[in-house]
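Okay, structure first, notes after.
The values are calculated or read from the model by the stated rules, or taken from the named source; none is laboratory data. Since the structure is predicted, the reported quantities are computational estimates derived from the model, not experimental observations. Positions of Cβ are backbone-derived with ideal geometry, glycine not excepted, and every protein chain shown enters the neighbour counts.
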Amino acid sequence: MAFSTQIDTEAVKALLRALEENEQDKAVALLDELTSIRESELYQQVSLLTQNLHKTLDQLDDNSLLLQAKHDIPDVTERLNYVISTTEDASSKTLESAEKVLNITDSLEQMTQGLPENERAEYSQLLSEVNTELTEIMLTQSFQDLTGQVLNRVVLIISSLEQSLIHLIDQSCHDYDSIPERVENRDEQQASEMKGIGPNVTQKSKSDTAQSQDDVDDLLGELGL
Amino acid sequence: MQINRDMNILVVDDFSTMRRIVKNLLKELGFHKFDEADDGATAWPMVQSGKYDFIVSDWNMPEMTGIDLLRHVRADENLKETPFLLITAEAKRSQILEAAQAGVDGYIVKPFTAATLNGKIHKIFERVAEKQAEKQNG
């Protein structure tokens with residue numbers, strides 16, 4: 001829908017006349033009248049945009065955008081944070097083990113001191129190869145720094161996208177807080193479980209899961225397995 | 001109990017890292033005959049050859065899941081006794097119960113330890129030995 005943005009020529013002529021005749025008060029009043037028409041047109045345009053946005057959001061199937069904004073985006077952030085912390089833990093465990101083995105090779109190196117020269121040289125050579133491989137293992141763990149930085153950045157971008165969507169939802173006169181829970185019917189839930197859903201890393205997905213191998217064993221034990 | 005360390009084992013997982021880890025752990029336990037498959041769909045024709053004494057499989061794989069592979073195995077008259085261990089990140093109680101109903105012999109949730117794998121393998125083959133003894137006696 002187009003708005004009339006035409007300026008009334010008579011109104012402008014009147015303004016010019018007022019200025020030429022140095023009637024300041026009249027000129028100001030005419031100018032105000034002209035700008036107020038423009039302002040109200042602008043207001044109508046913004047209000048139309050908002051109405052369109054509201055309609056568009058309403059027409060989306062099952063409010064999918066609203067549900068995505070409320071549930072999927074936080075879910076993605078939670079999953080990415082799981083990746084960040086899991087890779088960090090794994091790297092740190094690997095580093096700890098490698099450091100322990102380095103200490104052991106140091107002790108072994110000391111123990112070769114008492115051996116005859118030719119044997120000592122042979123052991124030294126092997127130990128030095130072990131140390132080289134261990135150093136390689138430790139350096140490889142630096143992947144965590146790189147992937148962690150990238151993932152942190154992705155989390156930031158997603159959070160900012162989330163904020164924009166919440167703002168958009170607000171602007172379209174929807175209440176973010178009253179967006180309902182995503183409901184999956186029993187058949188759909190069972191089908192996705194049979195397909196495999198991966199690690200249950202979000203608070204929501206942790207419900208009704210075995211928390212440890214002991215839990216699994218207890219459950220199977222009840223069935224005689 | 002003595003477990004046959006020469007048995008043929010099929011390791012099924014879509015992640016090559018995981019296949020490598022499982023194979024290395026099995027090697028540490030003294031096993032040395034392995035084949036690999038990256039999906040239930042590629043594993044099934046291999047299993048049908050009748051070569052394998054033990055199947056270790058992931059659950060969540062793109063073409064055919066581990067639970068479907070298990071069901072195929074249990075539904076085949078010649079293969080139904082094959083010991084089947086699931087190593088998976090799937091940890092919903094309903095999923096574990098489903099696997100038990102489908103006839104799984106062991107269920108390990110990831111991440112797991114070498115000791116857990118060792119314990120489960122022992123338990124599985126103890127039960128296999130018990131079943132064989134029952135058959136012979138019966």
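A:ILE166 falls short of the stated requirement of being under 30 Å from A:SER205 (Cα atoms), in the same structural domain as A:ASN81 (by TED's automatic domain parsing), of a type in the set (A, V, I, L, M) and exposed (fewer than 11 other Cβ atoms within 10 Å of the Cβ). Listed by position, the strands (runs of 3 or more DSSP E) inside segment B:39-135 whose residues that are more than 17 Å from B:LEU10 (Cβ to Cβ) and at the interface with chain A (Cβ under 8 Å from one of its Cβ atoms) number at least 2 are B:106-109. Among the conditions (1) away from chain B (no Cβ under 14 Å); (2) assigned to a loop (DSSP other than H, G, I, E, B); (3) at negative phi; (4) not small (Gly, Ala, Ser), the only one that A:CYS173 does not satisfy is (3). Scanning segment B:44-60 for residues that are buried (at least 23 other Cβ atoms within 10 Å of the Cβ) and in contact with a Phe, Trp or Tyr (Cβ under 9 Å, 6 or more places away or on another chain) returns B:PHE54, B:ILE55, B:VAL56, B:SER57, B:ASP58.
Select from segment B:95-120 the residues that are farther than 18 Å from A:ASP214 by Cβ and surrounded by 14 or more Cβ atoms within 10 Å (Cβ to Cβ) and list them in ascending order.
So in segment B:95-120, the residues farther than 18 Å from A:ASP214 by Cβ come out as B:98, B:101-103, B:105.
Those that are farther than 18 Å from A:ASP214 by Cβ and surrounded by 14 or more Cβ atoms within 10 Å (Cβ to Cβ): B:GLU98, B:ALA102, B:GLY103, B:ASP105.
Restricting segment A:91-126 to residues that are exposed (fewer than 13 other Cβ atoms within 10 Å of the Cβ) and basic (Lys, Arg) leaves a set whose member that is farthest from A:ASP145 (Cα to Cα) is A:LYS100. The number of residues in segment A:1-59 being modelled with pLDDT of 85 or more, outside any helix (DSSP H, G or I) and exposed (fewer than 13 other Cβ atoms within 10 Å of the Cβ) comes to 2.
For B:GLU28, indicate whether it is more than 10 Å from every other protein chain (Cβ to nearest Cβ) and at pLDDT below 95.
Working: more than 10 Å from every other protein chain (Cβ to nearest Cβ): yes; at pLDDT below 95: yes.
Answer is yes for this residue.
Scanning segment A:188-211 for residues that are more than 7 Å from chain B (Cβ to nearest Cβ) and assigned to a helix (DSSP H, G or I) gives A:GLU188, A:GLN189, A:GLN190, A:ALA191, A:SER192, A:LYS204, A:SER205, A:LYS206.
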